[in-house]
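Single-structure report; data block below.
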Amino acid sequence: MYMEKLKLDGRVAVVTGGGQGIGFACAQALGEAGASVVIAEMMPDRVKSSVAALETLGLTASGVTLDVTKSKDVDRAAAEIVKKHGRVDILVNNAGVARSDVRAEDTSDEHWRFHMDVNVDGVFWCCRAFGREMLKQGKGAIVNIGSMSGYIVNKPQPQAFYNASKAAVHHMTRSLAAEWATRGVRVNAVAPTYIETPLTAFGIKENPEMYKTWLEMTPMGRVGQPDEIASVVQFLASDAASLVTGTIVLADGGYTCW
């Protein structure tokens with residue numbers, strides 16, 4: 001009974017930014033659970049390579065190019081996916097950006113908008129477009145990738161723009177969850193610690209002193225891996241989490257305990 005709830009056979013799962021890092025790990029996790037996975041990526045080459053990699057693993061995958069910052073492009077992609085697959089059951093809003101280590105007083109309008117366009121607007125455009133389809137079906141699960149930075153202020157790098165964008169994702173998650181709860185659509189989020197991906201290379205690989213501080217601030221004394229976030233996403237997307245909505249799951253190695 002309980003293991004059955006984790007299975008996603010027959011479901012269609014869309015993962016934005018699914019071509020690398022956490023996104024690709026989520027796509028693999030959902031695919032291994034039985035879902036047909038759609039990689040939604042801005043870069044055509046990355047769409048092609050990630051789909052091929054999933055197929056090599058014996059998983060069912062397809063791809064679509066998508067710029068989450070353009071609402072019309074999101075609407076187009078949603079319509080294209082529904083036309084091809086007949087439905088959308090799971091959405092993982094993973095596409096995100098982080099160009100950190102910029103002080104607030106030095107943050108340009110362009111730098112601020114860059115993070116808001118992707119991390120906030122893009123998440124909402126996708127929730128809105130794919131959420132409409134799920135509401136028509138009367139069932140669906142959305143998992144947004146937030147960050148522990150939506151709870152705390154990171155040290156030592158200044159990044160007010162990023163922290164604000166992820167806090168917005170968390171409250172957006174709760175707001176949509178409350179609005180859609182009686183209509184069969186669950187909305188949750190995962191708030192990761194530092195995960196070893198290209199997005200965190202500026203600290204892990206390029207700044208030893210910064211990396212040292214990150215580890216000192218984390219009770220577990222290590223950064224996370226993409227599969228550790230994907231496992232949480234798989235749970236939230238499945239019927240095992242049928243009573244869970246509006247929740248932000250911290251997967252932070254204990255970082256927010258101190």
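Read-outs throughout are calculated quantities, based only on the coordinates presented, and are distinct from any laboratory measurement. All values reported here derive from a predicted model rather than from experimental measurement. Quick reminder, even Gly has a Cβ in these numbers, built from the backbone with ideal geometry, and neighbours come from all protein chains shown.
Quick notes on this structure:
- Among the GluC sites (Glu not before Pro) within the stretch 183-226, those in coil by DSSP and having at most 13 neighbouring Cβ atoms inside 10 Å are Glu206.
- Under-5 Å amide H pairs with Ala95, H placed in peptide plane, nonlocal only: Thr16, Gly17
- Over the chain, dividing the summed -39,500 (n - 2.57) contributions of all DSSP H runs of at least 4 residues by the number of residues returns a 222 nm mean residue ellipticity of -13500 deg cm²/dmol.
- Pairs beyond 23 Å (Cα-Cα), from Lys48/Lys166; Lys5/Lys139; Lys7/Lys72: Lys48/Lys166; Lys7/Lys72
- Percent antiparallel among DSSP beta bridges (both partners in the stretch 9-250, rounded to 5): 0 percent
- Taking θ as phi - 60° and the Karplus parameters 6.51, -1.76 and 1.60, the scalar couplings of the stretch 221-234 work out to x, 7, 8, x, 10, x, 5, 6, 7, 4, 5, 5, 4, 4 Hz in sequence order, x denoting glycine and proline.
- Set of lysines near Lys212 by C-alpha distance (under 23 Å), chain-local residues within fewer than 8 positions excluded: Lys155
- About its Cα centre, the dipole of the chain is roughly 760 debye, where the only charges are +1 on Lys and Arg Cβ and -1 on Asp and Glu Cβ.
- Alpha carbon Rg of the chain, scaled by the compact-globule rule 2.2 N^0.38 Å: 0.96
- Dipole check for the stretch 108-252: with +1 at the C-beta of Lys and Arg, -1 at the C-beta of Asp and Glu, and the Cα centre as origin, the magnitude is about 500 Debye.
- Each of Thr65, Thr197 was scored by other Cβ atoms within 10 Å of its Cβ. Arranged with the fewest first, they read Thr65, Thr197.
- Per-residue Cβ neighbour rank within 10 angstrom, fewest leading, Thr107, Thr218, Thr193, Thr16: Thr107, Thr218, Thr193, Thr16
- Distant-in-sequence amide H partners of Arg11 (H built 1.01 Å from N, under 5 Å): Ser36
- Taking θ as phi - 60° and the Karplus parameters 6.51, -1.76 and 1.60, the scalar couplings of the stretch 204-213 work out to 6, 9, 10, 9, x, 5, 5, 4, 4, 5 Hz in sequence order, x denoting glycine and proline.
- Arranged from fewest to most other beta-carbon atoms within 10 Å of their beta carbon, Cys26, Cys127 become Cys127, Cys26.
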